[in-house]
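The values are calculated or read from the model by the stated rules, or taken from the named source; none is laboratory data. Only a predicted model underlies this, so the values are computations on that prediction, with no experimental measurement involved. Neighbour counts run over all protein chains shown; Cβ positions are idealised from the backbone, glycine included.
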Amino acid sequence: MNAQHGFWAWERRRSQPIGPHGLAFLYWDVPGGGGRPSHIVVAAATRLVHDDPDVRDSHRLLYRLCQLAKDRYLPVGDFDPRKTMSNRADSMSPGALFLGVGVSTLDTGDSTWEQTQQRATGPHQIPGRCFIALRDGTKILIDREDDRRFGQVRVVSTGELNVVRGNPSRLWKWANSIEEPAALWEHMRALGELCVQGENLRLAKEGQRTASHRR
């Protein structure tokens, strides 16, 4: 997602510019279900936004989404970010469950999106960064370099990322904590908790419908 984010932001920087920050709502799913899953997949509902002064600050963007969930959607008992806060979604089964929130940004540790545009000569010279906050408290930080640094991807996580514990399935580094940027992590945590509340409401309604059908 982050690489595609960079590509489209570069291609449309002069016509309908795309903002430097995008959202991903992550879900874990078992395609087909049937009680005998062969594998678990991660699916995403994502959102890129048109560039605007109100969304150039990632903290403000997440804060506004949190307020929208609290003030508009949860009070009426219907908050599903796949429907209300996304403009694209992977195919998911009805049993997909919320996993966490991700942020794709074109601001990196040493360059803002505005600075990158000034020195880049094409879409392959757009680096990016991702933040992922899972509902179990795990934090993941991903830095994606551009082609001038051979497209290296560095992953740091506070939780286990190996499919089989102790058997590395990808390159990543363990961190006891990832504190910065503190405000962004806090807004992501808050948005994730609101997504869980929305999911609980949905599951409760489905349980009530199932019970009424049985009667």
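For (1) part of a helix (DSSP H, G or I); (2) among the basic types (Lys, Arg), each residue gets a yes or a no:
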site: His59; (1), (2): yes, no
site: Leu65; (1), (2): yes, no
site: Arg72; (1), (2): yes, yes
site: Phe79; (1), (2): no, no
site: Ser86; (1), (2): no, no
site: Pro94; (1), (2): no, no
site: Val101; (1), (2): no, no
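Is one or more of the residues making up segment 50-58 out of contact with any Asp or Glu (no Cβ under 7 Å at 6 or more places or on another chain), under 22 Å from Val196 (Cβ atoms), among the aliphatic types (A, V, I, L, M) and touching a residue at least 12 places away in the same chain (Cβ under 8 Å)? No; the residues of segment 50-58 include none that is out of contact with any Asp or Glu (no Cβ under 7 Å at 6 or more places or on another chain), under 22 Å from Val196 (Cβ atoms), among the aliphatic types (A, V, I, L, M) and touching a residue at least 12 places away in the same chain (Cβ under 8 Å).
Which residues, taken from segment 84-104, are more than 13 Å from Thr46 (Cβ to Cβ) and surrounded by fewer than 20 Cβ atoms within 10 Å (Cβ to Cβ)? Result: Thr84, Ser91, Ser93, Pro94, Gly95, Leu97. Restricted to segment 184-202, and to residues there that are among the small types (Gly, Ala, Ser) and within 16 Å of the chain's Cα centre (by Cα), the residue that is surrounded by the fewest Cβ atoms within 10 Å (Cβ to Cβ) is Ala190. Listed conditions (1) of a type outside the set (S, T, N, Q); (2) within 16 Å of the chain's Cα centre (by Cα); (3) assigned to a helix (DSSP H, G or I); (4) over 22 Å from His187 (Cβ atoms) are all met by Trp8, apart from (2). In the condition set (1) exposed (fewer than 13 other Cβ atoms within 10 Å of the Cβ); (2) at pLDDT below 95, His59 is compliant with all but (1). Restricting segment 112-146 to residues that are surrounded by fewer than 17 Cβ atoms within 10 Å (Cβ to Cβ) and part of a loop (DSSP other than H, G, I, E, B), the residue that is farthest from the chain's Cα centre (by Cα) is Thr121.
Checking segment 19-35 against the condition returns no match, with no residue being surrounded by fewer than 17 Cβ atoms within 10 Å (Cβ to Cβ) and under 20 Å from Trp185 (Cα atoms).
One residue alone among Leu97, Leu48 is over 27 Å from Asp147 (Cα atoms) and under 16 Å from the mean Cα position of the chain (by Cα), and that residue is Leu97. Within segment 53-79, if we keep just the residues that are hydroxyl-bearing (Ser, Thr, Tyr) and under 16 Å from the mean Cα position of the chain (by Cα), the residue that is farthest from His21 (Cα to Cα) turns out to be Tyr63. If you check Arg154, Arg149, Arg170, Arg72 for being basic (Lys, Arg), more than 25 Å from Arg189 (Cβ to Cβ) and loosely packed, with under 14 Cβ neighbours inside 10 Å, only one passes: Arg149.
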